[in-house]
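In what follows, a single structure is set out as structure tokens and then discussed.
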Amino acid sequence: MANTKSAKKAVKVNERRRLRNQSTRSAIKTAFRKANETVAGTRQGDAAETTVAAFSTIDKAVSRGIIHANTAARKKSRLAKKLNAKLKA
């Protein structure tokens, strides 16, 4: 448990940030899942549009410092690879 006044404040600040980041992380997962489903064909919708929307969500999270840039690049690469394979087929 925090002993100093500044440490107690840091605990509160960290909790607020955790909750804020949690919603963004959830949005990333949802966008990623929707894009995967449209690319796989198990969900109705345009695969390219949902992929672009997922890219946007991921990029916003990186700019806010919620996820690491390499994590974002990996997720985007995987989506793009699947989309390109579908478009070639």
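The values are calculated or read from the model by the stated rules, or taken from the named source; none is laboratory data. Because the structure is a prediction, the values reported are computed rather than measured. Because the Cβ atoms are built from the backbone with ideal geometry, glycine has one as well, and the counts that use them run over all protein chains shown.
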The range 53-68 - residue that is under 11 Å from the mean Cα position of the chain (by Cα) and more than 14 Å from ALA31 (Cα to Cα) and, of those, surrounded by the most Cβ atoms within 10 Å (Cβ to Cβ): ILE66
Subset tally (residues that are under 22 Å from LEU83 (Cβ atoms) and modelled with pLDDT under 95) for the range 1-31: 0
Exclusive hit being of a type in the set (Lys, Arg), within 24 Å of ARG17 (Cα to Cα), out of contact with any Asp or Glu (no Cβ under 6 Å at 6 or more places or on another chain) and modelled with pLDDT of 95 or more, set LYS76, LYS60: LYS60
